[in-house]
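Asker: First the structure, then my questions, so here it is.
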Amino acid sequence: VIANGAGSGDPVETAVGFVNAYLSTLTPVAVLVFGAAALGDLVDDATLVYLWLRPVPARVHVLAAWAATITITLPLVVVPMLLGTAIIHTGDGVWLAALLGALVATGAYGALFVLAGIRFKRALPWGLVYILIWEGFVASAGKTASKLALRSYVRSILAHLTDQYLKLGNRSLLASFLVPALVAVAALAYAIRRLARTDVA
C-alpha cells in the first residue's frame, strides 16, 4: 500500500498517505539496517577492541555512527520520498511536512538504533520487533503504548501541517518535535556511556 488516500481523488490525501507509508515503515527499517550495524557489527564480531584502542573518546564514535546513519539514509530513502511527494502533489505544505517528518524520523530512529546496536547482540531482529510489532500493532492498543512509539510523533507532524487525519497522529505539534529530540539525546547519551563501559576483552 503506497498511500492511504489512493483512489480518493484528493491529491493532498494521496500525497500524505504516500509520505506516511514511507516514514512509518521504509524509513525506520532503512535507518535500523545502517544504524544498528554502524557499531553493532563491531560488537557482534568482537572487533570493537580495534576501535576502542584508538585515542578517541566514546562520544566521537557514537556521534560519528549516528551522523553516518543519517547521511546514508537521507539520500537513499528520504530523497526519493520527497521526489514522489512532489510528483503526487506540488503544494508546499505537504512537501514541507514530508521534509520535517523525515528529518525528525531519521534523527530519532538513528539515535535509537545506534544505541540498539551497542546494547544488544543481533540488534536487527529486536529493531524489527519494535518497528513492525510495537509500532505497527501494540501502539494502536492504548494511549500509553502509543506514547512509546516514535511513529506517532512523526505522524502528528504530518497531520498538523497538512490538516489530514492519520491514526496515532494526535500529538501536539510541540510534542511531536520535542519528544523525538529528547529521545535522540537520551539514546545517544546512553550509547556513549554504554560504549565507554563495554568490555572489549
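Bear in mind these aren't lab numbers, they're just calculated from the coordinates by the rules spelled out. Nothing here was measured: the structure is a model prediction, and the numbers come from that model. Cβ: placed from backbone, ideal geometry, glycine included. Neighbour counts: every protein chain shown.
Asker: In Å, what Kirkwood hydrodynamic radius results for region 52-201 from the alpha-carbon pair distances?
Answerer: 16.6 Å
Asker: Under a Cβ-Cβ cut-off of 13 Å, what is the net charge of the residues other than TYR153 that fall near it, where Lys and Arg count +1 and Asp and Glu count -1?
Answerer: Taking every Cβ under 13 Å from that of TYR153, the sum is +3.
Asker: Something else: Compute the long axis of helix 92-119 from its Cα atoms, compare it with the longest principal axis of the Cα atoms of the chain, and write down the angle in degrees, 0 to 90, nearest 10.
Answerer: It is inclined by approximately 20 degrees.
Asker: Please report the projected area of region 146-201's Cα convex hull averaged over all directions, in nm².
Answerer: Averaged projected area of region 146-201's Cα convex hull equals 4.5 nm².
Asker: At 222 nm, what value in deg cm²/dmol follows for the chain if DSSP H runs of at least 4 each add -39500 (n - 2.57) and the sum is divided by all its residues, to the nearest 500?
Answerer: Computed mean residue ellipticity for the chain: -21500 deg cm²/dmol.
Asker: Using Cα pairs closer than 8 Å and at least 6 residues apart in sequence, work out the relative contact order for the chain, in percent.
Answerer: In percent, rounded to a whole number, it is 28.
Asker: Give, as a single signed number, the net charge of other residues whose beta carbon lies under 13 Å from the beta carbon of SER176, with Lys and Arg counted +1 and Asp and Glu -1.
Answerer: It works out to a net charge of +4.
Asker: At a 10 angstrom cut-off on C-beta neighbours, averaged per residue, how do the peptides 77-88, 60-71 rank from highest to lowest?
Answerer: 60-71, 77-88
Asker: Quick one: helix 58-73 against the long Cα principal axis of the chain, what's the angle to the nearest 10°, folded into 0 to 90?
Answerer: 30 degrees
Asker: Taking the chain as the reference, fit the longest principal axis to its C-alpha atoms, fit the long axis of helix 173-196 to the helix C-alpha atoms, and give the angle between the two in degrees, 0 to 90, nearest 10.
Answerer: Taking Cα atoms only, the helix is inclined about 10 degrees.
Asker: Now, a different point. Is region 67-152 rounded, prolate or oblate when judged by the Cα gyration tensor, a ≥ b ≥ c being the square roots of its eigenvalues, rounded requiring a/c under 1.5 and prolate requiring a/b larger than b/c?
Answerer: Since a/c reaches 1.5 but b/c is at least a/b, the shape of region 67-152 is classed as oblate.
Asker: With charges set only on the Cβ (+1 for Lys and Arg, -1 for Asp and Glu), what does the dipole of the chain come to about its Cα centre, in debye to the nearest 20?
Answerer: My answer is approximately 720 debye.
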